[in-house]
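Working notes, beginning with the structure itself.
The values are calculated or read from the model by the stated rules, or taken from the named source; none is laboratory data. Computed from a predicted model, the values in this text were never measured in an experiment. Positions of Cβ are generated from backbone atoms using ideal geometry, with glycine treated the same way; all protein chains shown enter the neighbour counts. Please note that ligands, DNA and RNA were not included when accessible areas were found on the heavy atoms of the full protein model with its side chains. Shrake-Rupley method; radii C 1.70, N 1.55, O 1.52, S 1.80 Å.
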Amino acid sequence: MAGFPTGVSIVTSTTAEGRPWGMTCSSLCSVSLDPPVLLVCLNSASLTLEAVRSSGTFAVNLLHAQGQSTAELFAWGAQDRFDRVEWRGGAGRAGPHLHRAAHTVADCSVISDQTVGDHAVIMGKVVAVTSLCEPKPLLYGLRRFNTWPENAEGGTP
């Protein structure tokens, strides 16, 4: 799958005690438009998955082109990752919003949780969307980060 480029996101949630958790996730897709549903795949051993399961909510932070260092930090699993980035939590948020690294954040409520191999496939109904800046997405493929080319023309081939 390394040859299949994808957008980069960070899935975040909060434990019952209020501790934030999050992990870099490139296994993300839109499932439905009405109602809006997103699907994320999280490692079964992940503490982020524990937080998602205990809270029943999660946020999908879609990273922009300057979000690579945050993506790397959350991919390594550093215990102090939330001390090293700016984020916003609180009422109305399904998980921490990484407002400096994301162009858009979708707050989701879990509607399905299924274990498949060593991962959990989580589907969440989108309950709110926060647009933070122009969406210039961070991409990952061929084992490296990249961005959409500036000179790319729109339209169909």
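Sorted largest first by accessible area at a 1.4 angstrom probe radius, with every protein chain in place, the residues Trp148, Trp87, Trp76, Trp21 fall in the order Trp76, Trp148, Trp87, Trp21.
In the context of the full set of protein chains, residues of the stretch 69-157 present 64 Å² of accessible surface per residue (probe radius 1.4 Å, heavy atoms only). Inter-label distance, Thr6 to Thr115: 2.1 nm, where each label sits 7 Å from its Cα along the C-beta direction. Considering helices alone, the calculated mean residue ellipticity of the chain at 222 nm is -3000 deg cm²/dmol, with DSSP H runs of length four and up weighted by -39500 (n - 2.57) and normalised per residue. Across q = 0.10, 0.13, 0.15, 0.16 Å⁻¹, the chain modelled as identical point scatterers on its alpha-carbon atoms has Debye log10 I(q)/I(0) values of -0.33, -0.56, -0.75, -0.86, in the order of the q list.
Distance between the pseudo-spin-label points of Asp80 and Ala16 (7 Å out from Cα toward the beta carbon): 2.9 nm. Given a Förster distance of 30 angstrom, what is the FRET efficiency for Arg53 paired with Glu150, based on the Cβ-Cβ distance and rounded to 0.05? Efficiency, from the Cβ-Cβ distance: 0.15. Of the solvent-accessible surface of the chain, computed with a 1.4 Å probe and all protein chains present, 53% belongs to carbon and sulfur. When the chain is treated as a Gaussian network with alpha carbon springs shorter than 10 Å, the biggest mean-square fluctuation among Gly67, Gly89, Gly117 belongs to Gly117. In whole Å, how far is the Cα centre of the stretch 47-64 from that of the stretch 109-147? Going from one Cα centre to the other spans 10 Å.
Scoring 39-48, 126-135, 54-63 by mean Cβ neighbours within 10 Å over their residues and listing the highest first yields 54-63, 39-48, 126-135. Overall, the ratio between the Cα radius of gyration of the stretch 82-148 and 2.2 N^0.38 Å, rounded to two decimals, is 1.33.
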